[in-house]
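Notes follow the structure.
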Amino acid sequence: MGENEQPTLSRRRLLAGIGVAGSSALAGCGGSSNAEVGESSDKDVPAPEVDAVDRWTLKTPNSEPRLLLEGSAAFVVDYTAHGHTVRYEDTHLRERIKEDTFGEIDRPFAVAFASRVDVFPSHLSIATRLKNGEIRKSIRDHLTSAMREFGVQNIQTDGTMDASNTSAGEFPVVRGEYPLEEVTISGVDIPHSDQDELTFGGGTLPIKGIAGRWKSNGSILAGGGVYPADDFEDSQNVSMSDAIELSVSVDLDMGWQQREQDVLDFVQSISR
């Protein structure tokens with residue numbers, strides 16, 4: 001680059017930057033700290049409003065705005081993009097599975113995020129310059145990266161999902177599998193058997209991730225989630241005698257269809 005040249009605004013660069021906000025929020029599903037997506041911002045970018053029902057618990061109460069991008073546009077205007085992301089977890093699902101498995105499984109299974117991105121100076125109108133195809137690809141790429149960091153394996157893109165009842169309109173879809181470690185429950189009293197423990201798991205749980213963005217009064221809002229895409233069932237046979245065998249079934253009952261609706265309702269509730 002010559003000494004008289006200045007970097008111009010790149011749609012791809014901007015999309016990559018603002019995509020970090022949502023994907024980092026999802027990747028941080030295992031903890032409660034604010035996902036680091038860049039240095040602290042000096043701009044007042046409020047967290048997006050979320051009308052979350054009791055099912056969703058805020059996991060980033062100390063979130064703050066982050067600097068996502070800085071550069072020059074049209075060879076003249078210096079710009080910065082700042083994002084504020086909050087992450088929620090379906091703690092009802094987590095607590096139920098923990099209780100049903102006698103405390104052996106205690107981890108997030110469904111999470112959702114909401115982000116607001118503002119560009120300064122505000123008259124730059126970045127949001128109006130974004131193309132749908134570029135937005136969709138950016139969302140999918142960052143969602144894939146976030147799910148991989150979350151521990152999801154065998155990740156594949158799966159087109160888009162209609163969401164005409166939400167502000168996003170549609171969601172890029174990413175699918176994968178989350179490995180469930182083998183769990184052993186000890187101290188089990190099984191009549192007519194010397195076996196005192198049961199083992200289940202060791203398989204995989206199908207996972208689905210969706211995320212979308214839309215424009216709102218000069219800001220870019222984003223929302224989505226990662227959640228089970230099917231139920232998890234397992235069984236174990238216990239021999240009680242040469243002629244009698246007891247079958248113990250395990251059904252974690254993820255309620256995956258309702259989990260998807262919960263995420264859609266969450267996204268629809270996001271506002272500036």
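The values are calculated or read from the model by the stated rules, or taken from the named source; none is laboratory data. Everything numeric here is computed off the predicted structure, so don't read it as measured data. All Cβ positions, glycine included, derive from the backbone under ideal geometry; neighbour counts span all protein chains shown. Only protein heavy atoms, including side chains, enter the accessible area calculation; ligands, DNA and RNA are left aside. Shrake-Rupley method; radii C 1.70, N 1.55, O 1.52, S 1.80 Å.
Does the stretch 230-245 hold any residues that are open to solvent by less than 100 Å² (accessible area, probe 1.4 Å) and under 19 Å from residue 194 (Cα atoms), and which are they?
Listed by number, the residues that qualify are 235, 236, 237, 238, 239, 240, 241, 243, 244.
Which condition number does residue 160 fail, the rest of (1) of a type in the set (Val, Ile, Thr); (2) within 28 Å of residue 103 (Cα to Cα); (3) open to solvent by 50 Å² or more (accessible area, probe 1.4 Å) being met?
Failing condition for residue 160: (2).
What's the total number of residues in the stretch 42-58 that are touching a strand residue (DSSP E or B) at 6+ places or on another chain (Cβ under 9 Å), in a loop (DSSP other than H, G, I, E, B) and touching a residue at least 40 places away in the same chain (Cβ under 8 Å)?
Going through the stretch 42-58 one residue at a time, the tally reaches 8.
Of (1) crowded, with 19+ Cβ neighbours inside 10 Å; (2) at pLDDT 85 or above; (3) not aliphatic (A, V, I, L, M), residue 170 satisfies all except one. Which?
For residue 170, the failing item is (1).
Quick one: in the stretch 200-217, which of the residues that are surrounded by 14 or more Cβ atoms within 10 Å (Cβ to Cβ) and modelled with pLDDT under 80 is farthest from the chain's Cα centre (by Cα)?
Among them, the one singled out is 200.
Within the stretch 140-156, which residues are open to solvent by 50 Å² or more (accessible area, probe 1.4 Å) and more than 14 Å from residue 224 (Cβ to Cβ)?
Of everything in the stretch 140-156, those that are open to solvent by 50 Å² or more (accessible area, probe 1.4 Å) and more than 14 Å from residue 224 (Cβ to Cβ) turn out to be 148, 149, 153, 154, 156.
Take residue 221 and tell me if it is in contact (Cβ under 8 Å) with a residue 60 or more places away in the chain, among the aliphatic types (A, V, I, L, M), over 23 Å from residue 160 (Cα atoms) and surrounded by 14 or more Cβ atoms within 10 Å (Cβ to Cβ). Steps first, please.
On the way: in contact (Cβ under 8 Å) with a residue 60 or more places away in the chain: yes; among the aliphatic types (A, V, I, L, M): yes; over 23 Å from residue 160 (Cα atoms): no; surrounded by 14 or more Cβ atoms within 10 Å (Cβ to Cβ): yes.
Against the criterion (in contact (Cβ under 8 Å) with a residue 60 or more places away in the chain, among the aliphatic types (A, V, I, L, M), over 23 Å from residue 160 (Cα atoms) and surrounded by 14 or more Cβ atoms within 10 Å (Cβ to Cβ)), residue 221 does not qualify.
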